[in-house]
Amino acid sequence: MSYFKTENLSVGYRGNILIHGINITLQKGQILTLIGPNGAGKSTILKSITRQLRTISGSVYVQWRDVHRWSAKELASHLAVVLTDRVDPELMTCRELVALGRYPHTNAVGRLTAEDRRKVDEALNLVGGEDLAEQEFSTLSDGQKQRMLLARAICQDTEIIVLDEPTAYLDIRYKVELLDVLRRLAREKGTTILLSLHEIDLAYKVSDQLVCVKGDTISRYGPPEEVLARDAAQRLYDMERGSYDPLFGSVELPRPEGEPKVFVIGGAGYGVPVYRRLQREQVPFAAGILFENDVDTPVANALAAEVFAAPAFEPVSDDAFAAARNAMLCIGAVLDAGCPVGTFNRCNGRLLEAAREAGVPVFTDAAQLAIRNVQ
Amino acid sequence: MNRRTVRTAAVTALLAALLAAGLILNVNTGAVDIPTGEIFALLGKGLRLRALALLEPDRYGEALTAFLTGSTEARVLCSIRLPRLLLAAVLGGALAVSGLLLQSFFRNPIAGPFVLGISSGAKMLVSVTMIFLLKDISTMNTGVMVLAAFAGSLLVTGVVLLFAQRVRNMSMLLVIGIMVSYLCGAVTDFCVTFADEHNVANLTSWSMGSFSGASWNAVGFSAAICLPCLALAWLLAKPIGAYALGEGYAQSLGIHVRAFRVCLILLSSLLSACVTAFAGPISFVGIAIPHITKSLLNTSRPAVVIPLSFLTGAVCCVYCDLLARTAFAPTELAISTVTSVFGAPVVIYMMVKRRGREQ
C-alpha cells in the first residue's frame, strides 16, 4: 500500500505548466530524491507538494487523503519543511528557533511544555547541535544554520519532511552527516522524506527512490540502481564534455584531444593519479593493459585516447598483448605508473621489457613527461 | 528562575521606575511650581473626588468642580500637566508598538511608520479633511481626525506594499518611503497654501507635532484605541515569532499568512494613525524604541518585546516631552525636534551595524 502518492500532478507558476504528469508513490519511511539540472523545476515540485504553490492539476495524497484539502493546521502537523529561503531572525537563539517547530503543538501563546522541551533537546541532539543551542542563530555558519533548520523540522514531529536542497551550503562532512540523520529518521522513526539534491552520487546513496526532473516532465523514476544505470546522469544533465560515473560518483574533466603521445602502464589504482595529471597537462595518452575490473579502468575509459583492456578473470591473450605492444612502439614513449608486476599482469612486465629492447624511453614520473611535452 | 526572566524583570522594574520619576519631574517642572509632597496630596484628593463623583454625581459633583477650579496648583496639575503626561505615555507606547509590528511585517528592523511615509500620509489626509471638508478646524471631531489619519496611513501603506512586491531590497523600500513622504508633504503644503489664515496657524502647530493640546478627552480616546490594539498585538505574539523565519516557514507551521499580514498592517496603521491624529507626526520613535528594547532584553521574543516596547516608548516620550517643554521655556519645541536628536543616531548605528553583518 502506498503511503505518499501524487496522481497526474502538474505544477508551475501562474497557471503556466512547468512540469506535468508527475506520478510518484512512496512507502512509509522511504526517502525520495529529486535530481536534475539547475532550473529544471525540482523546487517547484516540492513547493507544490508542501502547498507553498498551488498545483495546476492533479492531486497529492498522504494515506489516501488529499493534502490540498487539509486545513493549515493539519498540514503543519503532518508535514515539515526545510527551505532554501534565507533565514535571518534578529536576536533569536538556536534553541528558540528549533522550538518554533513545536508551533502546531503549543497553545495560543506558544508556551512550551516539558514534553515540548524534551522534543527540542532530542532534535538538537540528533543533529549534533546541543553545543550551539544558546548561541544566536544569525552568528552561525551556513552549515550550522542548515543543521538547526533541520532540527526545527524534526521537532515539528511530522510523518513527512520535505527538504529543498538541504546540502547546498554544507561541506562534505556535514553533507554526509545530514544525510545520515535523514536515513536514521526514515529507519528509526518511519519518517517519509522528500528532498532535492545536486549531488547525484549522494542521491544514489541516500535514496530509496530517485526522480529525474528534466524538460517538462519526469524523465526517469525508480530505485537509484535502475535510474542511474550507465550514462543516465550524463544524459540527464546534457553533459557533452567530461564524464560522470554514478557507481562511484567520480567526476572526470574532458579527455585531452589528439593522438596519444605516451603509453601509460598502470593497474591497481596506480594509474588514476597519472591519468589525471596528464589530463591537467592536456597530454593525450593510451592506457594499458588493464583488466576490465581494475579500478583504473573507468578512469582510463573517461580520460585516455585509447584503452587496451582485457577481460576480467582471464589471462591476457597473446592477441591483446600484441596489439598493446604495437601501439606502444608506435607511440614511442612509455610511462610506468609503478604498479608491481605479479603472476596475472605479467604482460605489463613484458611490455616494459619490449620498450627497453626497442629503445623506447620509459618514464617513471608524469612530471618529466610534462616538461618534454612543453618542449 | 533563569537568567532571561531575571533580565526581563530587571528591565521592567527599571522602566517602571523611570516612568514614575518622569511623572514627578514632569508634573514638578514648569511655570507653576508644585512641591513634590503636594503633588501626591492633590493627586490623591483628585482621584478620590473623581471616583466619588462617578458613584454619586449629585453629592460630589460640585466638590470635584470646586477642587479642579479652586487652586492654581490643582488646575495646572489636573487639567494641563497630567493629561499631557498620560497622552505622551500612551502615544509614545503606541508608536513603538506600531514600529515593531511594521518591522515584523517587513522582517527588517529599519522599518517604521515615519520612515516609510505612513505618518506623512496620515498627516496629509488629516490636513485635507481639516481644510476642505470641514472648513473650520475648531469644529473638528477627534473621531473624524483619527479616521482621516487611519485612512491616510492605510493609503500610504498600500502604496508602499505595492512597491514592496517588486522591490525586495529594504534600502530601496526606504527610499520609496521617503519619496512618498515628500509627495504627501507636497499635497499637505498645497492645501496649506490655499487655506484660511486661522486654519493655517492651527494646522502648522498641529503638524509640527506636540503633546501640548492634551485634554482628558484626547487621553481617553487614544487609550481606548491604543490599549486594545496593544492587547491584540500581544495576542499575535506567537505567529509574529514564527513569521520571523519568513513566509514559507510561517505557512508550513499553519499560519494563514495573508490574514496575518493584514492584521499586522491594520493594527500598526491604527496605532500610528492615532498618534498622528492627536500629536502630529513624531519621528524615529517607531524605529529606535523597539531596537533599544530588544537590545536591553537581549531577545526578540515578541511576547516580551511587545509590552516592553510600549513601556519604553512611553518612558521615552514622557522625557522627550519634558525636554521639549522645558529646554527653551517658555518657548516649546516640537516633539520631533527632540525625538530626532536621539532617534536618528540610533537608526544610523543600526544601518551601519547591519551592513557590517551582511558583508
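The values are calculated or read from the model by the stated rules, or taken from the named source; none is laboratory data. Computed from a prediction, not measured in an experiment: that's the story for all the values here. All Cβ positions, glycine included, derive from the backbone under ideal geometry; neighbour counts span all protein chains shown. Surface areas here come from the heavy atoms of the whole protein model, side chains and all, with no ligands, DNA or RNA. Shrake-Rupley method; radii C 1.70, N 1.55, O 1.52, S 1.80 Å.
Regarding B:Thr188, is this residue open to solvent by 30 Å² or more (accessible area, probe 1.4 Å), under 27 Å from B:Glu332 (Cβ atoms) and more than 14 Å from chain A (Cβ to nearest Cβ)?
In short, no.
Would you list the helices (runs of 4 or more DSSP H) that sit entirely within segment B:191-248 and hold 2 or more residues that are more than 21 Å from the chain's Cα centre (by Cα)?
B:197-208, B:237-243
Output the number of the condition that A:Val109 fails; it satisfies all remaining conditions of (1) assigned to a helix (DSSP H, G or I); (2) touching a helix residue (DSSP H, G or I) at 6+ places or on another chain (Cβ under 9 Å).
(1)
Identify the residue in segment B:105-124 that is farther than 20 Å from B:Leu91 by Cα and either of a type in the set (Lys, Arg) or outside any loop (DSSP other than H, G, I, E, B) (or both) and, among all such residues, is least open to solvent (accessible area, probe 1.4 Å).
The qualifying residue least open to solvent (accessible area, probe 1.4 Å) is B:Phe105.
Looking only at segment B:295-319, which residues are without any contact (Cβ under 8 Å) to a residue 40 or more places away in the chain and either within 30 Å of B:Thr204 (Cα to Cα) or open to solvent by less than 20 Å² (accessible area, probe 1.4 Å) (or both)?
Listed by number, the list is empty, since nothing qualifies.
What about B:Leu270, is it closer than 30 Å to A:Gln146 by Cα, in contact with a helix residue (DSSP H, G or I) (Cβ under 8 Å, 6 or more places away or on another chain), in contact (Cβ under 8 Å) with a residue 60 or more places away in the chain and more than 14 Å from chain A (Cβ to nearest Cβ)?
So B:Leu270 fails the test.
Assess whether B:Pro307 counts as being over 14 Å from the mean Cα position of the chain (by Cα), at pLDDT 90 or above and not hydrophobic (A, V, I, L, M, F, W, C).
Against the criterion (over 14 Å from the mean Cα position of the chain (by Cα), at pLDDT 90 or above and not hydrophobic (A, V, I, L, M, F, W, C)), B:Pro307 does not qualify.
Can you tell me which residue is farthest from the other protein chains (Cβ to nearest Cβ) among those in segment B:289-337 that are β-branched (Val, Ile, Thr) and closer than 27 Å to B:Gly213 by Cα?
This residue is B:Thr331.
Is it true that some residue in segment A:195-205 is open to solvent by 40 Å² or more (accessible area, probe 1.4 Å) and either assigned by TED's automatic domain parsing to the domain that holds A:Val299 or touching a helix residue (DSSP H, G or I) at 6+ places or on another chain (Cβ under 8 Å) (or both)?
Within segment A:195-205 (the criterion being open to solvent by 40 Å² or more (accessible area, probe 1.4 Å) and either assigned by TED's automatic domain parsing to the domain that holds A:Val299 or touching a helix residue (DSSP H, G or I) at 6+ places or on another chain (Cβ under 8 Å) (or both)), the answer is yes, since at least one residue qualifies.
Taking A:Ala309, is it more than 13 Å from A:Val262 (Cα to Cα) and part of a strand (DSSP E or B)?
For A:Ala309, the condition - more than 13 Å from A:Val262 (Cα to Cα) and part of a strand (DSSP E or B) - is met.
Counting just the residues of segment A:94-127 that are surrounded by fewer than 21 Cβ atoms within 10 Å (Cβ to Cβ) and among the hydroxyl-bearing types (Ser, Thr, Tyr), which one comes out nearest to the other protein chains (Cβ to nearest Cβ)?
Out of the qualifying residues, it is A:Thr106.
Could you run through segment A:342-359 and say how many residues are more than 40 Å from the chain's Cα centre (by Cα) and either outside the structural domain of A:Asn326 (by TED's automatic domain parsing) or open to solvent by 30 Å² or more (accessible area, probe 1.4 Å) (or both)?
Of the residues in that region, 6 qualify.
Tally time: how many residues in segment B:336-352 are within 13 Å of B:Gly112 (Cβ to Cβ) and open to solvent by 80 Å² or more (accessible area, probe 1.4 Å)?
Matching residues across segment B:336-352 total 1.
Before we move on, is A:Leu53 in the same structural domain as A:Ile22 (by TED's automatic domain parsing), open to solvent by 20 Å² or more (accessible area, probe 1.4 Å) and over 31 Å from the mean Cα position of the chain (by Cα)?
no
Residues B:Ala201, B:Ala223, B:Ala231, B:Ala237: which one is over 16 Å from B:Pro307 (Cα atoms) and of a type outside the set (Phe, Trp, Tyr)?
On inspection, the qualifying residue turns out to be B:Ala201.
Any residue in segment B:225-235 that is more than 17 Å from B:Ile80 (Cα to Cα), within 14 Å of another protein chain (Cβ to nearest Cβ), hydrophobic (A, V, I, L, M, F, W, C) and open to solvent by less than 40 Å² (accessible area, probe 1.4 Å)?
yes
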